[in-house]
Structures are given as C-alpha cells and as structure tokens.
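The structure appears below as structure tokens.
The values are calculated or read from the model by the stated rules, or taken from the named source; none is laboratory data. The shown structure was predicted, so the numbers you read here are calculated from the model rather than taken from an experiment. As a convention, Cβ positions derive from the backbone with ideal geometry for all residues, glycine included, and neighbour counts pool all protein chains shown.
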Amino acid sequence: MNNRKKVPMRKCVATGEMKPKKELVRIVRSKEGEVSIDLTGKKSGRGAYLSKDKEAVLLAKKKNTLSNHLQVTIEESLYEELLELIEKENRQSI
C-alpha cells in the first residue's frame with residue numbers, strides 16, 4: 001500500500017507560487033479586523049499565506065497584496081515583524 005502522507009499546498013499571495021504549507025507563514029484578519037501573524041495556522045479568520053522569503057514580503061508590501069487580500073489596511077509594523085521572523089528562522093537553520 002501507498003503510505004505517503006499528502007502534503008498540504010498553499011499559494012503565496014505575493015509570488016503566486018504553490019508551496020508546502022510549512023514553507024509559508026499565515027497572516028490572519030480576525031472578525032474584529034485585527035491583523036496578526038499566525039504561526040500555528042489554526043487561528044480563526046481570513047488568512048493569507050506568504051513565502052518565508054524576504055523578497056516575497058517586500059513584494060507584498062510594494063504591491064499592497066496583503067491589504068487587498070485581507071481587505072484591511074496593513075500597518076508597517078506587521079511587515080517589520082515578518083522580516084524579523086524570517087531573519088530569525090534563517091539564522092536557526094544555518
């Protein structure tokens with residue numbers, strides 16, 4: 001029998017690439033309109049996935065992709081927090 005698990009795939013809203021869910025970070029907008037980074041992938045609300053890549057975050061910021069996808073204004077601090085998270089993960093993987 002074939003015992004391989006199916007890998008959940010998601011699309012990066014900035015680059016449009018399909019990637020395994022674990023390679024992406026989820027940004028979620030709650031019903032109250034609060035936007036946060038969802039590291040567990042289980043928070044309720046409208047979600048958007050971004051590649052764990054500096055270029056993807058900067059592209060999303062430049063094109064305002066997250067704001068359009070989540071239909072809410074994204075603060076500068078969220079992009080900074082995303083970049084810090086990516087830097088931290090890159091340092092740990094080395």
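Details
- Hits in the range 22-35 (condition: in a strand (DSSP E or B) and over 13 Å from Tyr79 (Cβ atoms)): Leu24, Arg26, Val28, Arg29
- Any hit, the range 18-39, residues being among the charged types (D, E, K, R), in contact with a Ser or Thr (Cβ under 7 Å, 6 or more places away or on another chain) and modelled with pLDDT of 95 or more: yes
- Residue list for the range 46-74, filter: over 21 Å from Met9 (Cβ atoms), not in a helix (DSSP H, G or I) and not aliphatic (A, V, I, L, M): Asn64, Gln71, Thr73
- Residues located in the range 17-51, provided they are among the small types (Gly, Ala, Ser) and surrounded by 10 or more Cβ atoms within 10 Å (Cβ to Cβ): Ser30, Gly33, Ser36, Gly41, Gly45, Gly47, Ala48, Ser51
- Long-range neighbours under 6 Å by Cβ, at least six apart or interchain, first residue of a type in the set (Val, Ile, Thr) within the range 71-87, second assigned to a loop (DSSP other than H, G, I, E, B): Val72/Gly33; Ile86/Lys52
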